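The values are calculated or read from the model by the stated rules, or taken from the named source; none is laboratory data. Note that the coordinates shown come from a computational prediction; the quantities given were computed from them, not determined experimentally. With ideal geometry, Cβ positions are generated from the backbone for all residues, glycine too; neighbour counts draw on all protein chains shown.
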Amino acid sequence: MLVAVVVLSACSSSSSPAARSSSTPPAPGLNCRLPVTWAVQNGSSLDTKAGFVTFPGQTLREDPAAPARSTFYDRGLAKWLPTWRSSVSPDGRRYAYSEGNAYVGTEGKLHVVDVATGVDRVIYRSSRVYGVIDFAAEGIYLTGAVPEGYPIGLWLEDPRGGTPRLISSSVVSPAVGGGYAWGLDFNSADPSPGPGGIEGPKNRILRYDLRSGVATPWFYRPGASLYVLGFDSRGEPFVTADFVPSPADVNGHDSVEVWLITSGTSATEVFEGSSIPVPRLAAVDRYGVWFDGSYLHDSRVWLYANGSMQQVAAVSVDYFAVAGGCIP
């Protein structure tokens, strides 16, 4: 039996920071269970919880059968997994994870786990520590973990093991979708680049050919720091543009935009508002693209469908996150 019933607040676009939202429901007849996770303060520690938000009604119910550290709900096998959806194979039968610490120089290992049996195999080990980007039909895409800053490089690993194939040694913070890789870059033509941490700002997105590694400039936003959030059902990337005020502007506030990039010359802004919380692309399903805030005490759920981004629920719990597509 499910427990911990909480009624969430369903918000119209007038109360959402999404400036380009529709006031009508983005997915008429939304009737499903959305897998989610959250945390509850227990003394000095946080206990993780997992369950479902039901639509309509926006009711949160805990699933007491979910194990600790649940992150993603594998709908095909009806199991909670301790990994992000991008690390799960397309058929839901396996997931990959990496082991090692680039900061202290420990050995890197790549694991593949059979979901049904729980059998965990180390398929590759190396002095290099890798991070898993995507478990795709053609294999497991990896990037090189670094002690600080953006991960660099892109490799493809056979789930059966072997040496990963190098695709690009220079791609920065890679993502894979739509048959291409995507990475961050800096366009020096920016007349007023924003602050960018230890590595400087990244104001341009490059698209990489997965066979040759050749890069093509694809999206540029002056003054912003860009990040690829993920992809829609057609493989088109969503990109967040973060604008950070200069240190001299003591009263300034971060602002954020989310863009859907449909070609190298065409993009649509689908969200604009405060950068807290920054929308995180969490799932893609028949209803559209689900985003969450994944932020302490201010956790929201948005759905992008039919060209509109609308906030559909909000809950005041710690570290609330969407954990998979909505189940009819």
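Specify which of the listed residues (G183, G230, G235) is in a loop (DSSP other than H, G, I, E, B) and closer than 16 Å to D134 by Cβ.
The conditions single out G235.
Assuming G200 fulfils every condition listed in (1) surrounded by fewer than 16 Cβ atoms within 10 Å (Cβ to Cβ); (2) in contact (Cβ under 8 Å) with a residue 24 or more places away in the chain; (3) on the phi > 0 side of the Ramachandran plot apart from one, which condition is it?
With (1) surrounded by fewer than 16 Cβ atoms within 10 Å (Cβ to Cβ); (2) in contact (Cβ under 8 Å) with a residue 24 or more places away in the chain; (3) on the phi > 0 side of the Ramachandran plot applied to G200, the lone miss is (2).
Go through S170, S233, S212 for me and flag whichever is of a type in the set (S, T, N, Q) and either touching a Cys at 6+ places or on another chain (Cβ under 8 Å) or under 29 Å from Y103 (Cα atoms) (or both).
S170
Please work out which one of (1) under 17 Å from R204 (Cβ atoms); (2) within 19 Å of the chain's Cα centre (by Cα); (3) buried (at least 20 other Cβ atoms within 10 Å of the Cβ) is the condition S168 fails and give its number.
Status for S168: all satisfied but (2).
For the range 46-71, which residues satisfy the criterion of being touching a residue at least 60 places away in the same chain (Cβ under 8 Å) and touching a Leu at 6+ places or on another chain (Cβ under 8 Å)?
Once the filter is applied, which keeps residues that are touching a residue at least 60 places away in the same chain (Cβ under 8 Å) and touching a Leu at 6+ places or on another chain (Cβ under 8 Å), the range 46-71 yields F52, V53, F55, Q58, L60, E62, D63, P64, S70, T71.
Would you mind finding the one in S86, S98, S70 that is part of a loop (DSSP other than H, G, I, E, B) and either at pLDDT 95 or above or buried (at least 18 other Cβ atoms within 10 Å of the Cβ) (or both)?
Sole residue among the options that is part of a loop (DSSP other than H, G, I, E, B) and either at pLDDT 95 or above or buried (at least 18 other Cβ atoms within 10 Å of the Cβ) (or both): S70.
Would you list the strands (runs of 3 or more DSSP E) that sit entirely within the range 106-150 and hold 2 or more residues that are of a type in the set (F, W, Y) and buried (at least 18 other Cβ atoms within 10 Å of the Cβ)?
130-136
Filter the range 41-67 down to the residues that are over 21 Å from N31 (Cα atoms) and not in a strand (DSSP E or B) and list them by number.
Matches in the range 41-67: G43, S44, P64, A65, A66, P67.
Checking P147 against (1) at pLDDT below 95; (2) under 20 Å from W84 (Cα atoms), only one condition comes out false. Which one?
P147 satisfies every listed condition except (2).
Can you tell me how many residues in the range 205-246 are over 11 Å from L260 (Cα atoms), among the β-branched types (V, I, T) and buried (at least 16 other Cβ atoms within 10 Å of the Cβ)?
Count: 2.
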